[in-house]
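Asks: Questions regarding the structure given below will be posed in turn.
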Amino acid sequence: MQRLLDGLIKFRQKDYEEHKALFSKLKRVQEPHTLFIACSDSRVMPEMITKSLPGELFVVRNIANIVPPYKDTHQDYVATTSAIEYAVKSLKVENIVVCGHSNCGGCASIYLPDEVLSKLPDTKKWLELAQDVKRRVMGHLKDESDIYQREWLTEQINILEQIKHLLTYPYIKEKYLNKELNIYGFYYMIETGEVFIFNYETGEFELSN
C-alpha cells in the first residue's frame, strides 16, 4: 500500500503537472476516440502499450477480454455490455479494440477440470462465454499435448470470437457496415512488447511494432 501512496504523490507532482492543461480541459467532458476491451490481467496496461493520454481510451476490462453476445434484455446487471453501449452510443467512439495477450490465465482456465473451476463459481459462469473458443481450438489442434500451441491458438481465436460477438450488437453492426466504426483485434506479447493486429484480408495476426 505504501508503494501506491508514494505513487499518488509522484503522479500529482510530476505527471499531473506535466499535463495540467489537459486535465483542466477534461474536467467536465471526455471524448475518447477508442473503446479498448482488454483483459483484467495486471501485466496488460492499455495506456502504456498504446502511449495514450488521459481522455483517449474508454477502457473495459474483464477476465479474458470477453464480450457477451447481444441480448435484448434490460433485467440483468451487465457491466461489460453497458460500458460498450455507453461508449458507442453516448461517447460515439470511432474505434473498438479487442486486446488479448500472451499467457492469459482466463483463456487457460477454460481447460481446467470442473472440480477446479467449481471452486470459482463466478469465474466458471463467466467462462461459459468462451466455450465456442474452446471447441474451435480443439478442432484445429493437431497435438492436444502441445500446451503452448493450444495457448497461442486459444488467445488469438478468443479475440476473433469477441469481435464476432461485438457484431451481434445491432447498433455496432450498423455503424460498422456504414464505415462509421472500426473494429480491431490486438494480440499483445507480454515478454517481448510486440503487438500483433489482425488483418481481415489475410486472416492472420501481423506484427505492428
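The values are calculated or read from the model by the stated rules, or taken from the named source; none is laboratory data. Keep in mind the model is a prediction, meaning the values are calculated, not measured. Reconstructed Cβ throughout: ideal geometry from the backbone, glycine too, with neighbour counts over all protein chains shown. For accessibility, only protein heavy atoms count, side chains too; no ligands or nucleic acids. Shrake-Rupley method; radii C 1.70, N 1.55, O 1.52, S 1.80 Å.
One line per residue, one yes/no per condition, for (1) closer than 26 Å to Phe205 by Cα; (2) open to solvent by 70 Å² or more (accessible area, probe 1.4 Å):
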residue: Leu57; (1), (2): yes, no
residue: Asn62; (1), (2): yes, no
residue: Ser102; (1), (2): yes, no
residue: Glu115; (1), (2): no, yes
residue: Arg135; (1), (2): yes, yes
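Asks: Also, I was wondering about something else. Does Pro32 count as in contact with a Leu (Cβ under 6 Å, 6 or more places away or on another chain) and closer than 30 Å to Glu155 by Cβ? Before you say what the answer is, go through the steps one by one.
Replies: Working: in contact with a Leu (Cβ under 6 Å, 6 or more places away or on another chain): yes; closer than 30 Å to Glu155 by Cβ: yes.
For Pro32, the condition - in contact with a Leu (Cβ under 6 Å, 6 or more places away or on another chain) and closer than 30 Å to Glu155 by Cβ - is met.
Table: residues versus (1) touching a residue at least 24 places away in the same chain (Cβ under 8 Å); (2) outside any helix (DSSP H, G or I).
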residue	(1), (2)
Tyr70	yes, yes
Ile84	yes, no
Ile96	yes, yes
Tyr111	yes, yes
Lys119	no, yes
Asp122	no, no
Arg136	yes, no
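Asks: Test Leu127 against the criterion of being free of Cβ contacts under 8 Å to residues at least 40 places away in the same chain, in contact with a helix residue (DSSP H, G or I) (Cβ under 8 Å, 6 or more places away or on another chain) and assigned to a helix (DSSP H, G or I), and give yes or no.
Replies: On the way: free of Cβ contacts under 8 Å to residues at least 40 places away in the same chain: no; in contact with a helix residue (DSSP H, G or I) (Cβ under 8 Å, 6 or more places away or on another chain): yes; assigned to a helix (DSSP H, G or I): yes.
So Leu127 fails the test.
Asks: Now for a different question. Go through the range 150-209 and tell me which strands (runs of 3 or more DSSP E), entirely inside it, have 3 or more residues that are open to solvent by less than 30 Å² (accessible area, probe 1.4 Å). Before you say what the answer is, go through the steps one by one.
Replies: Values: elements: 182-188, 195-199, 204-207.
Hits in the range 150-209: 182-188.
Asks: What's the number of the condition Trp152 fails, among (1) at pLDDT 95 or above; (2) more than 14 Å from the chain's Cα centre (by Cα); (3) closer than 15 Å to Gly100 by Cβ?
Replies: Only one criterion is unmet by Trp152, namely (1).
Asks: Only one of Ile37, Ile49 is in a helix (DSSP H, G or I), in contact (Cβ under 8 Å) with a residue 60 or more places away in the chain, at negative phi and of a type in the set (Val, Ile, Thr); which?
Replies: Working: Ile37 fails: in a helix (DSSP H, G or I).
Result: Ile49 is the single residue among Ile37, Ile49 that is in a helix (DSSP H, G or I), in contact (Cβ under 8 Å) with a residue 60 or more places away in the chain, at negative phi and of a type in the set (Val, Ile, Thr).
Asks: Let me ask something additional. Looking only at the range 33-55, how many residues end up being over 14 Å from Val98 (Cα atoms) and of a type in the set (S, T, N, Q)?
Replies: Result for the range 33-55: 2.
Asks: Of all residues in the range 102-136, which are within 21 Å of Tyr70 (Cβ to Cβ) and β-branched (Val, Ile, Thr)?
Replies: Val133
Asks: For the range 165-191, give me each residue that is among the charged types (D, E, K, R) and closer than 14 Å to Ile84 by Cα.
Replies: Of the residues in the range 165-191, the ones among the charged types (D, E, K, R) are 173-175, 179-180, 191.
Result: Lys173, Lys175.
Asks: Now for a different question. Looking at the range 179-191, I want the residues that are farther than 23 Å from Asn103 by Cα and have a partner that is open to solvent by 90 Å² or more (accessible area, probe 1.4 Å) and of a type in the set (Asp, Glu) with Cβ atoms under 7 Å, at least 6 apart or on another chain. Which pairs are those?
Replies: That search, which allows pairs on different chains as well, returns Leu181/Glu94; Asn182/Glu94.
Asks: I've got another one for you. Kindly indicate whether any position in the range 2-25 is among the hydrophobic types (A, V, I, L, M, F, W, C), part of a loop (DSSP other than H, G, I, E, B) and surrounded by 12 or more Cβ atoms within 10 Å (Cβ to Cβ). Before you say what the answer is, go through the steps one by one.
Replies: Keep residues of the range 2-25 that are among the hydrophobic types (A, V, I, L, M, F, W, C), which gives 4-5, 8-9, 11, 21-23.
Keeping just the survivors that are part of a loop (DSSP other than H, G, I, E, B) gives none.
Within the range 2-25 (the criterion being among the hydrophobic types (A, V, I, L, M, F, W, C), part of a loop (DSSP other than H, G, I, E, B) and surrounded by 12 or more Cβ atoms within 10 Å (Cβ to Cβ)), the answer is no, since none of the residues qualifies.
Asks: Restricting to the range 70-96, and then to whatever is small (Gly, Ala, Ser) and open to solvent by 60 Å² or more (accessible area, probe 1.4 Å), can you tell me which residue is modelled with the lowest pLDDT? Let's see the steps before the verdict.
Replies: Kept after step one, since they are small (Gly, Ala, Ser), are these residues of the range 70-96: 79, 82-83, 87, 90.
Checking the rest, the ones that are also open to solvent by 60 Å² or more (accessible area, probe 1.4 Å) come to 79, 90.
Working: Ala79: 93, Ser90: 98.
Among them, the one singled out is Ala79.
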